[in-house]
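Remarks on the structure that follows.
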Amino acid sequence: AAGLWTVFTLGGVGSKVSAQLEQCSPLASQSLLLLLVLANLTDAPDTPNPYRQAIMSFKNTQDNTAFSSSNPHTFQINFNSLYTALCEQQKSDQATLLLYMLLHQNSNVRTYVLARTDIENLV
(Lines give C-alpha, C1' and ligand atoms only; values in the text may rest on other atoms or scores of the structure.)
Protein backbone atom coordinates (compact mmCIF):
# COMPACT_ATOMS: atom_id res chain seq x y z
CA ALA A 1 0.00 0.00 0.00
CA ALA A 2 2.86 2.39 0.75
CA GLY A 3 4.33 1.81 -2.70
CA LEU A 4 0.97 2.45 -4.35
CA TRP A 5 0.55 5.64 -2.31
CA THR A 6 4.01 6.77 -3.47
CA VAL A 7 2.84 6.30 -7.04
CA PHE A 8 -0.25 8.42 -6.43
CA THR A 9 1.73 11.19 -4.76
CA LEU A 10 4.46 10.87 -7.41
CA GLY A 11 7.06 10.41 -4.69
CA GLY A 12 6.36 13.90 -3.41
CA VAL A 13 7.17 15.44 -0.08
CA GLY A 14 3.93 14.20 1.49
CA SER A 15 4.86 10.57 1.04
CA LYS A 16 7.84 10.82 3.44
CA VAL A 17 5.74 12.40 6.18
CA SER A 18 2.97 9.86 5.58
CA ALA A 19 5.46 7.04 6.02
CA GLN A 20 6.53 8.48 9.38
CA LEU A 21 2.91 8.82 10.50
CA GLU A 22 2.12 5.31 9.32
CA GLN A 23 4.89 3.91 11.49
CA CYS A 24 3.46 5.70 14.55
CA SER A 25 -0.06 4.35 14.08
CA PRO A 26 -0.37 1.96 11.14
CA LEU A 27 -3.92 0.90 12.05
CA ALA A 28 -5.15 4.51 12.05
CA SER A 29 -3.44 5.21 8.74
CA GLN A 30 -4.85 2.11 7.06
CA SER A 31 -8.32 2.80 8.51
CA LEU A 32 -8.27 6.33 7.13
CA LEU A 33 -7.28 5.06 3.70
CA LEU A 34 -10.08 2.49 3.80
CA LEU A 35 -12.60 5.17 4.81
CA LEU A 36 -11.50 7.38 1.93
CA VAL A 37 -11.77 4.55 -0.58
CA LEU A 38 -15.21 3.49 0.64
CA ALA A 39 -16.54 7.04 0.71
CA ASN A 40 -15.38 7.69 -2.85
CA LEU A 41 -16.86 4.59 -4.46
CA THR A 42 -19.30 5.38 -7.24
CA ASP A 43 -23.01 5.20 -6.57
CA ALA A 44 -25.06 2.33 -7.94
CA PRO A 45 -27.90 3.34 -10.28
CA ASP A 46 -30.59 2.43 -7.76
CA THR A 47 -28.84 2.97 -4.41
CA PRO A 48 -26.48 5.74 -3.25
CA ASN A 49 -23.15 4.95 -1.60
CA PRO A 50 -23.97 4.47 2.12
CA TYR A 51 -20.46 5.50 3.21
CA ARG A 52 -20.71 8.79 1.32
CA GLN A 53 -24.19 9.33 2.79
CA ALA A 54 -22.76 8.82 6.28
CA ILE A 55 -19.88 11.26 5.61
CA MET A 56 -22.35 13.85 4.31
CA SER A 57 -24.77 13.66 7.22
CA PHE A 58 -23.06 12.96 10.55
CA LYS A 59 -23.66 15.47 13.34
CA ASN A 60 -21.92 16.85 16.42
CA THR A 61 -22.57 15.12 19.75
CA GLN A 62 -22.44 18.51 21.46
CA ASP A 63 -25.17 19.98 19.23
CA ASN A 64 -28.30 20.88 21.20
CA THR A 65 -30.74 20.26 18.34
CA ALA A 66 -32.76 17.08 18.26
CA PHE A 67 -31.13 14.10 16.54
CA SER A 68 -33.45 13.03 13.74
CA SER A 69 -32.97 9.57 12.33
CA SER A 70 -34.60 10.13 8.93
CA ASN A 71 -31.36 9.05 7.27
CA PRO A 72 -30.36 5.50 8.31
CA HIS A 73 -26.67 6.34 7.89
CA THR A 74 -26.63 9.30 10.27
CA PHE A 75 -24.46 9.09 13.37
CA GLN A 76 -22.93 11.50 15.87
CA ILE A 77 -19.30 12.27 16.62
CA ASN A 78 -17.54 14.78 18.85
CA PHE A 79 -16.47 17.55 16.45
CA ASN A 80 -13.95 18.96 18.93
CA SER A 81 -12.05 15.66 18.99
CA LEU A 82 -12.28 15.38 15.21
CA TYR A 83 -11.00 18.94 14.75
CA THR A 84 -8.09 18.34 17.15
CA ALA A 85 -7.12 15.12 15.38
CA LEU A 86 -7.28 16.78 11.96
CA CYS A 87 -5.12 19.68 13.19
CA GLU A 88 -2.49 17.26 14.49
CA GLN A 89 -2.39 15.20 11.28
CA GLN A 90 -2.37 17.91 8.60
CA LYS A 91 1.09 16.85 7.44
CA SER A 92 -0.54 13.68 6.15
CA ASP A 93 -2.01 13.64 2.66
CA GLN A 94 -4.77 11.30 3.80
CA ALA A 95 -5.89 13.57 6.64
CA THR A 96 -5.89 16.59 4.33
CA LEU A 97 -8.03 14.71 1.83
CA LEU A 98 -10.47 13.74 4.60
CA LEU A 99 -10.67 17.37 5.75
CA TYR A 100 -11.31 18.50 2.17
CA MET A 101 -14.06 15.92 1.75
CA LEU A 102 -15.69 16.85 5.07
CA LEU A 103 -15.62 20.57 4.37
CA HIS A 104 -17.18 20.15 0.94
CA GLN A 105 -19.73 17.44 1.67
CA ASN A 106 -20.84 17.88 5.28
CA SER A 107 -22.43 21.23 6.10
CA ASN A 108 -22.33 20.45 9.84
CA VAL A 109 -18.53 20.11 9.80
CA ARG A 110 -18.16 23.19 7.59
CA THR A 111 -20.25 25.29 9.97
CA TYR A 112 -18.30 24.03 12.98
CA VAL A 113 -14.87 24.72 11.44
CA LEU A 114 -15.87 28.20 10.28
CA ALA A 115 -17.16 29.02 13.78
CA ARG A 116 -13.85 28.10 15.43
CA THR A 117 -11.70 30.96 16.65
CA ASP A 118 -8.44 28.95 16.38
CA ILE A 119 -8.65 28.10 12.68
CA GLU A 120 -4.97 29.03 12.26
CA ASN A 121 -4.16 25.68 13.91
CA LEU A 122 -5.78 23.92 10.99
CA VAL A 123 -4.23 26.13 8.34
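The length gained by stretching the chain between Ala85 and Leu97 to full extension, at 0.36 nm per residue less their Cα-Cα distance, is 3.0 nm. The accessible surface of region 75-116, taken with every protein chain in place and a 1.4 Å probe, is 57 percent carbon and sulfur.
Taking each pair of distinct Cα atoms in region 52-122 once, what is the resulting Kirkwood hydrodynamic radius in Å?
Taking every pair of different Cα atoms in region 52-122, averaging 1/r and inverting gives 12.7 Å.
Please give me the summed charge of the neighbours of Asn106: other residues whose Cβ is under 11 Å from its Cβ, Lys and Arg +1, Asp and Glu -1. Please report the intermediate quantities before stating the final value.
Values: positive: Arg52, Lys59, Arg110; negative: none.
Computed value for this residue: +3.
What is the calculated FRET efficiency for Arg110 to Leu34, with r their C-beta to C-beta distance and R₀ = 35 Å, to the nearest 0.05? Kindly include the intermediate steps, with their values, before the conclusion.
Working: r = 24 Å, r/R0 = 0.68.
For Arg110 and Leu34, the calculated efficiency is 0.90.
Probing with 1.4 Å while keeping every protein chain in the model, the per residue accessible area of region 52-122 equals 60 Å². Take each peptide in 110-122, 74-86, count the other Cβ atoms within 10 Å of every residue, and average; sorted highest first, the result is 74-86, 110-122.
With a Förster radius of 22 Å applied to the beta-carbon distance between Leu122 and Thr74, the computed FRET efficiency rounds to 0.35. The label-point distance for Asn64 and Ser25, in a model that sets each label 7 Å from Cα toward Cβ, rounds to 3.1 nm.
The values are calculated or read from the model by the stated rules, or taken from the named source; none is laboratory data. Keep in mind that what you see is a predicted model, and the values were worked out from it rather than measured. Neighbour counts run over all protein chains shown; Cβ positions are idealised from the backbone, glycine included. Side chains included, ligands, DNA and RNA excluded: accessible areas come from the protein's heavy atoms. Shrake-Rupley method; radii C 1.70, N 1.55, O 1.52, S 1.80 Å.
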